[in-house]
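Student: Next up is a structure, given as structure tokens.
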Amino acid sequence: MELPEHLKPTETEFQEATDIILTAQLMNWLDESRCNFLAVGVMIEELEENGFQPLDMTEEWHIEPGGKYYVVQNDTAIFAFIAGEALPGDAGFHIISSHSDSPGFKLKPNPEIYGDGGVVSLNVEKYGGGIMYTWFDRPLSMAARLMVRSENVMQPESIIVDLEDPVAIIPHLAIHFNRGVNEGNPLSVQKDMKPVIGNFSKEEFDELTKMGGVVKCMLADAAEVAPEDILGMEVIVYPIEKAKLAGVHNEYIVSGRLDDLSMAFSSLQALLTQSDTPTAATRVMAVFDNEETGSGTRQGAAAPTLRNILERITNSLHGDCNPENFMRAIAGSFMISADDAHAWHPNYNEKYDPTNHPVIGGGPVVKINANCKYMTDSRGDAIFRGLCEKAGVECQYFVNHGDVAGGSTLGNILTSQLDLAGVDMGCAIWGMHSACETAGVADHLATIRVFEEFYRQ
């Protein structure tokens, strides 16, 4: 039954309702993606609900034009694609890349440290370049990948487990013992950043140690496996606070892991909404891991994983292994390297370039560097600006202050494996690498629209 005209929402009302849903969806995904393992799990669930089929790297692929597929690498990187109506050699790939990891802390093996009064703290290692003091006095939990004994010693079972509850905290030293704390406070990971997980009697602690340790027993209980069957584990500590809207007009999203899950989820959202739109090009969403530590793993951008996947897609669709097809496909491809950018900070104007400092709410950010730390060149810039124009979105630029060196990104790393044309971009955020970052609602929505436009081409 069709609604009467006076009850139908206007175009503006429909867009406002859509924007509310998209913002809530991002916040929900962020809340569920408390680490890289969990983020990939969320993406798998969304992709399968939308008809994407899993592929195994150890098996032969049979790709169909218009087919929807995904591949997972080491549980922490995921590559989804929709095969184009045309052959890759003729139409190329349209790729959006991002990453699943964020700076934080990982547990070392045998992490428990028993102290006075039965206080047990954990021996941790810093992952990536986080702002460490933002982790103090926050409720923390743990998630892990457990490698569990199976009948095949070469194929242990992988189980992802999340404790969810606030089981730890990193307490800060009181100002009374460090009067100069607000004048500069150098931190030692080994001394200052050990999470505390509770008080245990010596008898209880010794018994748990015989079973593999407090943490292993907690994780085994959550996974419903025996502690002695856990042969290996990777344990990540994460802040438990959920994503929130902030600002007088609810214009900000405040959450951990915005860098770079906001970009990963923008690309996922765009791929899902455009999944039934036929295009000549094969559309790819590539979410890598370990960007924060240099991408030098088999699930990172420095590995040939994406190249291998694109080549296998090409060979399957062309029906042969003629290398010319793949070379032509790459030559006709374009990649958006999506990694968040630094927003102009009102308290630190002197840190930014005077004419190229993006603001939160100003739209997606094109990142440029004269020394080629980003993959953006004038062609990539022009293509992205053209996409923004078609999507009705404003864009802005980030260029480093002339006295500050910039870091490289996924785009730059990937071009060591593939001679792709492309652009580096992201959303402007505050507090990058903090335990809690801030982004703009309007920028997230604008980025989805641009990515949708790219996936329609």
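Student: Condition first: touching a Phe, Trp or Tyr at 6+ places or on another chain (Cβ under 6 Å) and in contact (Cβ under 8 Å) with a residue 12 or more places away in the chain. Can you find one or more residues in region 316-325 that meet it?
Tutor: Looking for residues that are touching a Phe, Trp or Tyr at 6+ places or on another chain (Cβ under 6 Å) and in contact (Cβ under 8 Å) with a residue 12 or more places away in the chain, one finds at least one in region 316-325, hence yes.
Student: Would you check which residues across region 285-314 are open to solvent by less than 60 Å² (accessible area, probe 1.4 Å) and in contact with a Pro (Cβ under 9 Å, 6 or more places away or on another chain) and list them?
Tutor: Once the filter is applied, which keeps residues that are open to solvent by less than 60 Å² (accessible area, probe 1.4 Å) and in contact with a Pro (Cβ under 9 Å, 6 or more places away or on another chain), region 285-314 yields 292, 310, 313, 314.
Student: While we're on this one: So which of 56, 116, 75, 101 ends up being open to solvent by less than 40 Å² (accessible area, probe 1.4 Å), acidic (Asp, Glu) and farther than 13 Å from residue 282 by Cβ?
Tutor: Only one candidate qualifies: 101.
Student: Scan region 287-308 and tell me whether some residue there is within 30 Å of residue 149 (Cβ to Cβ) and assigned to a strand (DSSP E or B).
Tutor: Yes, the conditions are met somewhere in region 287-308.
Student: Continuing with this model, one more query. Would a scan of region 329-345 turn up a residue that is open to solvent by 10 Å² or more (accessible area, probe 1.4 Å), at pLDDT 95 or above and of a type in the set (A, V, I, L, M)?
Tutor: For region 329-345, residues open to solvent by 10 Å² or more (accessible area, probe 1.4 Å), at pLDDT 95 or above and of a type in the set (A, V, I, L, M): present.
Residue-by-condition table, conditions (1) of a type in the set (S, T, N, Q); (2) under 30 Å from residue 84 (Cβ atoms):
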{"residue": "340", "(1), (2)": "no, yes"}
{"residue": "349", "(1), (2)": "yes, no"}
{"residue": "361", "(1), (2)": "no, no"}
{"residue": "395", "(1), (2)": "no, yes"}
{"residue": "404", "(1), (2)": "no, no"}
{"residue": "439", "(1), (2)": "no, no"}
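Student: Conditions first: (1) part of a loop (DSSP other than H, G, I, E, B); (2) open to solvent by 70 Å² or more (accessible area, probe 1.4 Å); (3) touching a residue at least 60 places away in the same chain (Cβ under 8 Å). Residue 126 passes all but one, so which condition is the exception?
Tutor: Residue 126 satisfies every listed condition except (1).
Student: What single numbered condition from (1) surrounded by fewer than 24 Cβ atoms within 10 Å (Cβ to Cβ); (2) of a type in the set (Val, Ile, Thr); (3) at pLDDT 90 or above fails to hold for residue 404?
Tutor: (3)
Student: Could you say whether any residue in region 350-364 is open to solvent by 20 Å² or more (accessible area, probe 1.4 Å), under 23 Å from residue 328 (Cα atoms) and basic (Lys, Arg)?
Tutor: No, region 350-364 contains no residue that is open to solvent by 20 Å² or more (accessible area, probe 1.4 Å), under 23 Å from residue 328 (Cα atoms) and basic (Lys, Arg).
Student: Among the listed residues 324, 241, identify the single one that is at pLDDT 95 or above, in contact with a Cys (Cβ under 9 Å, 6 or more places away or on another chain) and surrounded by fewer than 19 Cβ atoms within 10 Å (Cβ to Cβ).
Tutor: The unique qualifying residue is 241.
Student: For residue 426, state whether it is under 17 Å from the mean Cα position of the chain (by Cα) and buried (at least 20 other Cβ atoms within 10 Å of the Cβ).
Tutor: For residue 426, the condition - under 17 Å from the mean Cα position of the chain (by Cα) and buried (at least 20 other Cβ atoms within 10 Å of the Cβ) - is met.
Student: Sort through 295, 255, 262, 266 and tell me the only one that's small (Gly, Ala, Ser) and touching a Lys or Arg at 6+ places or on another chain (Cβ under 8 Å).
Tutor: Selected residue: 255, the only one of 295, 255, 262, 266 that is small (Gly, Ala, Ser) and touching a Lys or Arg at 6+ places or on another chain (Cβ under 8 Å).
Student: Another one. With under 23 Å from residue 126 (Cα atoms), free of Cβ contacts under 8 Å to residues at least 24 places away in the same chain and crowded, with 17+ Cβ neighbours inside 10 Å as the only criterion, which of 216, 194 stands out?
Tutor: Going through 216, 194 in turn, just one is under 23 Å from residue 126 (Cα atoms), free of Cβ contacts under 8 Å to residues at least 24 places away in the same chain and crowded, with 17+ Cβ neighbours inside 10 Å: 216.
Student: Might you check whether a residue that is in contact with a Lys or Arg (Cβ under 9 Å, 6 or more places away or on another chain), outside any loop (DSSP other than H, G, I, E, B), under 24 Å from residue 189 (Cβ atoms) and among the hydroxyl-bearing types (Ser, Thr, Tyr) occurs anywhere in region 156-167?
Tutor: No.
The values are calculated or read from the model by the stated rules, or taken from the named source; none is laboratory data. Source: prediction; values computed, not measured. Please note: Cβ atoms are built from the backbone with ideal geometry, for glycine as well, and neighbour counts cover all protein chains shown. Side chains are part of the model used for accessible areas, which takes the heavy atoms of the whole protein and leaves out ligands, DNA and RNA. Shrake-Rupley method; radii C 1.70, N 1.55, O 1.52, S 1.80 Å.
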